[in-house]
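The values are calculated or read from the model by the stated rules, or taken from the named source; none is laboratory data. Bear in mind the structure is a predicted one, so any value in this text is a computation, not a measurement. Backbone-built Cβ (ideal geometry, glycine too); neighbour counts: all protein chains shown.
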Amino acid sequence: MKLRLAVLSLPILALAACSEALAPAAPKTEPKTVAMTWVHYVCADGRAVSALYPDGETAQLKLGEATHLLRIARSASGARYTGDALQWWTKGDEASLAPLAPGEDIASASGVACGPASRAPVSPPAPGTPGGLPDDRTPLAEGPAEPGGAQAAASVVETYYALVESGRTAEAAKLRRDGREEDLKPFARLHAQVGAPGRVEGAAGSLFVEVPVVLYGRYATGGEYHAAGKATLRRANDVPGATEAQRAWRIETIEVATAGA
């Protein structure tokens with residue numbers, strides 16, 4: 001009986017092997033990747049916080065150069081995370097950050113309020129201070145600016161940055177001779193102050209004027225952005241044959257340096 005059973009089992013094993021060979025291979029599935037985005041906050045005390053929520057149980061916080069891993073904790077509302085002696089409590093797009101004393105599960109210290117970086121205000125340096133516009137107290141001339149005058153050139157710079165602030169960078173690029181479009185991706189917000197223009201100078205059939213500018217705002221990561229420099233504008237001299245377009249002020253270059261650079 002044992003021998004007979006052994007003999008009879010051979011065709012069954014062979015059939016099983018053939019079935020496995022004939023069966024189509026299971027399609028390979030590529031591992032799914034989930035894109036995670038850092039959320040950037042600015043706190044009332046000026047600190048910038050970046051938070052990453054990889055799942056429903058953890059949060060990673062970037063504070064300065066350090067990254068902290070926090071885990072979800074019980075809360076009556078919102079989402080509360082604790083760890084590394086920190087408490088991070090989010091409610092909608094607002095949050096609060098508080099220290100945890102040894103042995104604490106819920107922070108007894110008052111937390112500092114944090115909100116989206118795009119809504120955090122930032123101010124430019126005062127005129128006459130480092131990084132600010134020149135402290136020029138000369139009264140502005142009343143009435144419309146002369147088309148070829150320095151004030152008309154300053155108005156072009158004002159229009160340029162008004163378009164940039166509103167995100168209309170393609171329109172703003174038309175006011176530049178190189179047609180370059182500003183890249184606003186690094187910024188949550190960007191503002192500009194335009195100062196009084198300098199004297200109009202002539203060279204090689206063209207007129208030039210420099211206009212001081214101060215840029216300020218916030219990076220998308222929450223940090224403050226400050227830069228100062230000048231815009232140089234050029235137009236054709238009033239010579240016979242010059243077209244209206246050639247006699248219009250256009251931005252030749254913009255040279256700014258960030259604070260501390």
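Things worth noting here:
- Residue match in region 221-228 (condition: among the hydroxyl-bearing types (Ser, Thr, Tyr), closer than 30 Å to LEU52 by Cβ, in contact with a helix residue (DSSP H, G or I) (Cβ under 9 Å, 6 or more places away or on another chain) and modelled with pLDDT under 95): yes
- Test: residue in region 222-242 that is outside the structural domain of LEU52 (by TED's automatic domain parsing), on the phi > 0 side of the Ramachandran plot and buried (at least 18 other Cβ atoms within 10 Å of the Cβ): yes
- Filter result for VAL214 (crowded, with 20+ Cβ neighbours inside 10 Å, in contact (Cβ under 8 Å) with a residue 24 or more places away in the chain, closer than 28 Å to SER123 by Cβ and touching a strand residue (DSSP E or B) at 6+ places or on another chain (Cβ under 6 Å)): yes
- Given (1) outside any strand (DSSP E or B); (2) over 23 Å from the mean Cα position of the chain (by Cα), number of the condition GLY260 does not satisfy: (2)
- Contact map, region 189-201: residues that are closer than 10 Å to GLY149 by Cα paired with residues that are of a type in the set (A, V, I, L, M) and in a strand (DSSP E or B), Cβ distance under 6 Å, separation 6+ or inter-chain. Pairs shown: PRO197/VAL209; PRO197/VAL211; VAL200/LEU207; VAL200/VAL209.
- Every listed requirement among (1) modelled with pLDDT of 95 or more; (2) under 22 Å from GLY132 (Cα atoms); (3) surrounded by fewer than 19 Cβ atoms within 10 Å (Cβ to Cβ) is met by THR169 save one, (2).
- Residue in region 106-114 that is outside the structural domain of LEU86 (by TED's automatic domain parsing) and more than 19 Å from the chain's Cα centre (by Cα) present: no
- ARG176 vs. criteria within 26 Å of the chain's Cα centre (by Cα), farther than 23 Å from LEU133 by Cβ and among the basic types (Lys, Arg): no
- Subset of region 105-116 [surrounded by 14 or more Cβ atoms within 10 Å (Cβ to Cβ), at pLDDT 95 or above and more than 19 Å from THR221 (Cα to Cα)]: ALA107
- Cβ-Cβ distances below 8 Å connect the following pairs, each with a first residue in region 111-137 that is in a loop (DSSP other than H, G, I, E, B), a second residue that is among the basic types (Lys, Arg), and a separation of six or more residues or different chains: ALA120/ARG218; VAL122/ARG189; VAL122/ARG218.
- Region 37-68, subset among the small types (Gly, Ala, Ser) and free of Cβ contacts under 8 Å to residues at least 40 places away in the same chain, residue farthest from GLY222 (Cα to Cα): GLY56
- Unmet criterion (only one of (1) within 30 Å of TYR53 (Cβ to Cβ); (2) modelled with pLDDT of 95 or more) for SER155: (1)
- Every listed requirement among (1) buried (at least 17 other Cβ atoms within 10 Å of the Cβ); (2) modelled with pLDDT of 95 or more is met by ALA120 save one, (2).
- Matching residues in region 61-90 - criterion: being among the hydroxyl-bearing types (Ser, Thr, Tyr) and modelled with pLDDT of 95 or more: THR67, TYR81, THR82, THR90
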